[in-house]
1. What number results when the radius of gyration of segment 34-83, computed over Cα atoms, is divided by 2.2 N^0.38 Å?
2. As I understand it, the dipole of the chain uses +1 on the Cβ of Lys and Arg and -1 on the Cβ of Asp and Glu, about the Cα centre. Which of G121, L31, G154 lies farthest toward its positive end?
3. With only alpha-carbon atoms counted, please give the Rg and Dmax of segment 39-133, in Å.
4. Going by a ≥ b ≥ c, the root eigenvalues of the Cα gyration tensor, does segment 112-153 fall in the rounded group (a/c under 1.5), the prolate group (a/b larger than b/c) or the oblate group?
5. Checking the cross-link filter: which lysines have an alpha carbon closer than 22 Å to that of K156, excluding same-chain neighbours under 8 positions apart?
6. Give the carbon-plus-sulfur fraction of the accessible surface of the chain in %, rounded to a whole number; probe 1.4 Å, heavy atoms of protein chains only.
7. Quickly work out the F33-to-A141 label distance, labels modelled 7 Å from Cα along the C-beta direction, and quote it in nm with one decimal.
8. Expected output is a single nm value to one decimal: the length gained when fully extending between K156 and K126, i.e. 0.36 nm times separation in residues minus the C-alpha distance. What is it?
Amino acid sequence: MTRHNDLRPANDDDVFEVGSPLRTGRLNDILGFHLRMANVAIYQDYTAAMGDIGLTQKQFAVLELIAANPRVSQIDIANQLSMDRATMMALVNRLESRDLLERQPSPIDRRRQELLLTEAGAEILKQARNIQKQHELRFTARFTPEELEAFIGGLKRIYSDIVPRNGQVD
C-alpha cells in the first residue's frame, strides 16, 4: 500500500504558494519530460512561423522527402516518419487537394502510389525552407556547433531503432 509520504516529490519543502511556478519534482530527472517540453516549444514556434502558408511539421517533412526522393511511395514515407498508412493517406490527400503534390500509379506496380511535387508544391517548399531556416536558428543558436552536433547525435540514438534502414537519417 502506498502512503501519502511516498508520493512526495524529491524537492518538496512542504511550502507551495498559489500562483508561484510549479515545482517539477521528480519530473526534472526524466528525459521524456524534457523532450516533451522541448517539443512543445519547437512545435508552437513552428506553427506560428508557418501560419501564413499553413504547412504543418508533418506536411513539410513529406514535401522534403518527396523533393529528395521523387517518385517515392506513400508507404516508404509513412515508414520513414513512423506514421500509420491511414494518417499518411489523409496527409497526402490534404497536400494533393492544395495542389502541392500529385499521386501517380507506379509503372512497375499499379498498387503502388508514387508521389511527385507539383510546381506549386516546389514553390511552397521553397518558401517553407526559408521560414524553417529562421525557425531552426531560434533554437540552434542556443548551442555551439559542437554542442549541437553532440545533441543531435544523442537524439538520433534515441530513435534509431524505429527508423528504417538501421537508423540512417540524412
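The values are calculated or read from the model by the stated rules, or taken from the named source; none is laboratory data. Small disclaimer: the values here were computed from a predicted structure and weren't measured. Here Cβ is always computed from backbone atoms with ideal geometry, including for glycine, and neighbour counts include all displayed protein chains. These area figures cover heavy atoms from the full protein model, side chains too; ligands, DNA and RNA do not enter into them. Shrake-Rupley method; radii C 1.70, N 1.55, O 1.52, S 1.80 Å.
1. Working: Rg = 12.8 Å, N = 50, 2.2 N^0.38 = 9.7 Å.
Relative to the rule-of-thumb radius for its length, segment 34-83 sits at 1.32.
2. So the residue furthest toward the plus end is G121.
3. My reading of the Cα-based Rg and Dmax gives 13.3, 43 Å.
4. Details: a/c = 5.69, a/b = 2.00, b/c = 2.84.
Oblate is the answer for segment 112-153, as a/c is 1.5 or above yet b/c matches or exceeds a/b.
5. K58, K133
6. Numbers: 6570 of 12130 Å².
Ligands and nucleic acids excluded, carbon and sulfur give 54 percent.
7. 3.0 nm
8. Numbers: separation 30, 0.36 × 30 = 10.80 nm, distance 2.61 nm.
Gain in length upon complete extension: 8.2 nm.
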